[in-house]
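Let me begin by presenting the structure, written as structure tokens, before commenting on it.
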Amino acid sequence: MSELIIQLSQWLLTLTQGAEPWDSYARYLPRLMDGVWVTLQLVVVSGIVGFLMAIPIALMRISKSPWLWIFPYCYIFFFRGTPLLVQIFLIYYGLSQFESLRNLGWIWTDVLSQPYWCAIIAFSLNTSAYIAELFRGAILAVPKGEVEAAQSLGISRRKQYQHIILPRAFGIILPAYGNEVILMLKGSALASTITLLDLMGATRGAIARTYMSLEFFLLAGLLYLLLTAVLIGFFRLLENWYNAHQHAINMSLEKVDPQLRDKHLEDNVR
Amino acid sequence: MDLHGFGHLLLAGTWITLKLAFTSLFFGLILGLIGAAAKLSPIRALRWIATTYTTLIRGIPELLLVLIIYFGTTEILLRLFDKYIEISAFAAGVTALSIAFGAYATEVFRSALQEIPKGQRESAMAMGLNRWQTFTRILMPQLWRIAIPGLGNLFLVLLKDTALVSVIGLDDLMRQAYVAAGFTKLPFTFYLAAAFIYLLLTIIFMQAIRFMEIRANRPWQGAR
């Protein structure tokens, strides 16, 4: 892939014949594409890790026992109430304050002092707080009738969550989850502040060498827009696939049996 | 928490953060209202401009926007006047944050405007009010009530986004924490202190927004 991009860059250079800013664009294309790749890694890894972390946090959050919900409540409040930049700095610069962490061996040298992993940790923690809050709302929004039906069938609470409530909640949060991932994409630009060469970092590197700030910032903006468009398209496909049952119901609910309708589905019909 | 005498710096930074947030809120609201009016306008070109504006701004990172405004403006000025004119970080921050806030506020105002029943606009027309009067006397007062929850959330996001302006060297809360952390070699302490100040501000404004929501809904509470 990178071979291909380098060849493409060479070929573009012969086309531009020194005309700016196209010549610099062609010259820095491989580095910018490396940046795009890093940005995508940050978004996808933290999107998945954050999602997996969000489920237990949300389950604890909806518990009625104060011992269980107080921790996720504070966690969500902290990560949603402070700027992402503070969280990244807290992890990347802040952790070095603790002598005991610095003596941890490979955990320190290979993970906690590396900007890449620090960015992933910060983004995962941040996005998990937002997704947990979405999940909490979605679990409470699962139609009561479905839970009651499961109870009357004698399905255990654990299985209810596993097979009915969580899959259903996932379908409900899917559009909002897509939004959250796009916000994460935009937030990932902050990784450049801790020296990471993501798309933003690669752009700033190119500007430092060429002094063409406006041209490269606009190019970066265009690339971010493209990434956003790709993510939007991906989530639209995912939603069409995962929530296909709702689309079918949209058309023929009236004909099936009016008694089956509950509040949630009625909103969809409207 | 021992702040080693840097507490007053953090407070000075907090003050700048607040000034930045409220100035951007002011201009952002104006941009949002203009954007919503353009989106609902019968003129196609205006609708197109507003849609392009919101799509573009919502698709690029706020950090990039801040950097484009700060470095881009000086470069444009350099090319226009052949002279290096530096614009202040505060002005660049306000511009970037207002533009970002305005794009999201456009959507909030648009959906709020659409929620006001059509009959109200028609009766205003029947009473002989012109478009401007209809907007300022009939629609605007109701707009706030519907828009406050959405705008409140946007303001909390804006408050956190002000931290981005520290990247271009504005002495806001984030930057003061950075300076203090560099001086004392206690980064965790100072970033945590900054985080708590941001949290405190968030709590205060959340309460304020709740209060405004209750106030705006007063006419409906008695009826229940």
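The numbers here are math on the coordinates, done by the rules we state, and not lab data. Note that this is a predicted model, so its numbers are computed, not measured. Here the Cβ is made from the backbone with ideal geometry for all residues, glycine too, and neighbour counts use every protein chain on show.
By other beta-carbon atoms within 10 Å, ranking B:Leu159, B:Leu200 with the fewest at the front produces B:Leu200, B:Leu159.
The Cβ shell under 15 Å around A:Gly94 holds other residues with a net charge of +1, Lys and Arg each +1, Asp and Glu each -1. So which lysines can A:Lys159 reach, going by Cα to Cα under 18 Å and dropping same-chain residues fewer than 8 places off? A:Lys159 reaches A:Lys144.
Extension gain for the segment B:Ile30 to B:Ala91, taken as residue separation times 0.36 nm less the Cα-Cα distance, is 20.3 nm to one decimal.
May I ask you to derive the relative contact order of chain A, considering only C-alpha pairs under 8 Å and at least 6 residues apart, and to give it as an integer percent?
Details: 247 pairs, mean separation 62.3, N = 270.
Normalised by residue count, the contact order of chain A is 23 percent.
The B:Leu46 and B:Met212 beta-carbon pair, evaluated with R₀ = 35 Å, returns a calculated FRET efficiency of approximately 0.70.
What is the angle, in °, between the Cα long axis of helix A:22-61 and the longest principal axis of the Cα atoms in chain A? Nearest 10 is fine, range 0 to 90. The angle comes out at about 30 degrees. Is chain B rounded, prolate or oblate when judged by the Cα gyration tensor, a ≥ b ≥ c being the square roots of its eigenvalues, rounded requiring a/c under 1.5 and prolate requiring a/b larger than b/c? Verdict is oblate for chain B.
Summarising the label geometry, the points placed 7 Å from Cα in the beta-carbon direction at A:Gln114 and A:Glu148 lie 5.3 nm from one another. Counting other Cβ atoms within 10 Å as a rough exposure proxy, the listed residues B:Asp82, A:Asp198, B:Asp2 run B:Asp82, B:Asp2, A:Asp198 from fewest neighbours to most.
Once you list every other residue whose beta carbon is under 11 Å from the beta carbon of B:Thr74, what net charge do they have if Lys and Arg are +1 and Asp and Glu are -1?
Details: positive: B:Arg79, B:Lys83; negative: B:Glu75, B:Glu86.
So the surrounding residues net to 0.
For region B:20-116, the set of chymotrypsin sites (Phe, Trp or Tyr not before Pro) satisfying both a DSSP loop assignment and a count of at most 10 other C-beta atoms within 10 Å is given as B:Tyr84.
Please give the FRET efficiency for B:Thr23 paired with B:Lys83, using the beta carbon to beta carbon distance and R0 = 35 Å, rounded to the nearest 0.05. Working from the Cβ atoms, E equals 0.85.
Shape class of region A:86-218 from the Cα gyration tensor (axes a ≥ b ≥ c, square roots of the eigenvalues): oblate, since a/c reaches 1.5 or more and a/b does not exceed b/c. Helix B:89-115 and the longest principal axis of the C-alpha atoms of chain B enclose an angle of approximately 30°.
The gain in end-to-end length when the B:Asn153 to B:Phe183 segment is fully stretched comes to 7.3 nm, 0.36 nm per residue minus the alpha carbon separation.
For region B:19-173, a simple Cβ point-charge model (Lys and Arg +1, Asp and Glu -1, everything else neutral) yields a dipole of about 760 debye relative to the Cα centre. Projected label points at A:Leu8 and A:Ile48, each 7 Å from Cα along the beta carbon direction, are separated by 2.4 nanometres.
Taking label points 7 Å from Cα along the Cα-to-Cβ direction, A:Trp241 and A:Trp22 give a separation of 3.9 nm. Over chain A, dividing the summed -39,500 (n - 2.57) contributions of all DSSP H runs of at least 4 residues by the number of residues returns a 222 nm mean residue ellipticity of -25500 deg cm²/dmol. Within 10 Å of the Cβ of each residue in B:62-75, the mean number of Cβ atoms contributed by other protein chains is 5.
When the Cα gyration tensor is reduced to axis lengths a ≥ b ≥ c, the ratio a/c is 1.5 or higher for region A:36-269, and with a/b not above b/c it is classed as oblate.
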